[in-house]
Amino acid sequence: MLSQSNNFKKENVFSIASEEELVQAFRLRDQKKLILPEGLKFPLNVASYFAWKEPSGVYTYLVIKLPNWDMPRGVAFKRTASTGEPVGGLCSWCNQYGTSEDINMLSVTMSANVSTSYYLCHDISCIEKIEDMADRAGKDPEKYIAELYHKIGKLFENLSGYKPD
């Protein structure tokens, strides 16, 4: 699933000029496992963030550019294989509940010896889920989306070599 369009007021809008620029958004360790979606057309205009799963479903990729960053940054999440019966889970970014088909433990290699895992929507469709939840509840999604950006920003702060200015 490709996700890149949203309806809220304060979107982070950015553009990626070429495939090379998209690849350069990722750390070298993530570039080695990067599989770009077919049919991408550049420049790629992105609202909020760009996320996709590679065909086998093992890796989910996220590219985002927060306002205080000079360039977009990307990360590769590796899906932890689920064993046994499907179970429920809660996404730690958007608080959406779903089965193990929807919410998975996704891990990020932080360094040669350290990785961190998060329970997240497998397709990183958190923005859409926040908007849907807020719409059904008659609430403004801005606060929840700001919290999501903060959580994503913290992930990148913790990645070696990714410190916001």
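Only the coordinates and a few stated rules stand behind these numbers; no lab work does. None of these values were measured; they are calculated from a predicted model. Quick reminder, even Gly has a Cβ in these numbers, built from the backbone with ideal geometry, and neighbours come from all protein chains shown.
Points worth noting:
- Computed label-point distance, nm, for sites Ser107 and Ala17 using a 7 Å Cα→Cβ extension: 3.8 nm
- Anisotropy class of the chain from Cα gyration tensor, a/c 1.5 cut: rounded
- Coil-residue GluC sites (Glu not before Pro) of the range 51-132, DSSP, other Cβ within 10 Å capped at 11: Glu101
- Check: the range 102-165 dipole with +1 on Lys, Arg Cβ and -1 on Asp, Glu Cβ, in debye: 280 debye
- Cross-link pairs exceeding 28 Å in C-alpha to C-alpha distance, out of Lys65/Lys139; Lys53/Lys154; Lys78/Lys151; Lys33/Lys139; Lys32/Lys143; Lys33/Lys143, comprise Lys33/Lys139; Lys32/Lys143; Lys33/Lys143.
- Between Ser117 and Asp70, the distance separating the two model label sites (each 7 Å from Cα on the Cα→Cβ line) works out to 3.6 nm.
- Of the trypsin sites (Lys or Arg not before Pro) found in the range 55-142, those in coil by DSSP whose Cβ has at most 12 other Cβ atoms within 10 Å are Lys139.
- Averaging the sequence gap over all C-alpha pairs within less than 8 Å and six or more residues apart, then dividing by the number of residues, gives the chain a relative contact order of 19 percent.
- Our estimate of slack between Met133 and Lys41, defined as 0.36 nm per intervening residue step minus the Cα-Cα distance, is 30.0 nm.
- Spin-label pair Glu85/Thr99, simplified geometry with 7 Å Cα→Cβ offset, distance in nm: 1.3 nm
- Dipole magnitude of the range 13-158 about its Cα centre (Cβ charges: Lys, Arg +1; Asp, Glu -1), debye to nearest 20: 440 debye
- Tensor-based shape of the range 97-165 (alpha-carbon gyration tensor, a/c under 1.5 rounded, otherwise prolate or oblate): oblate
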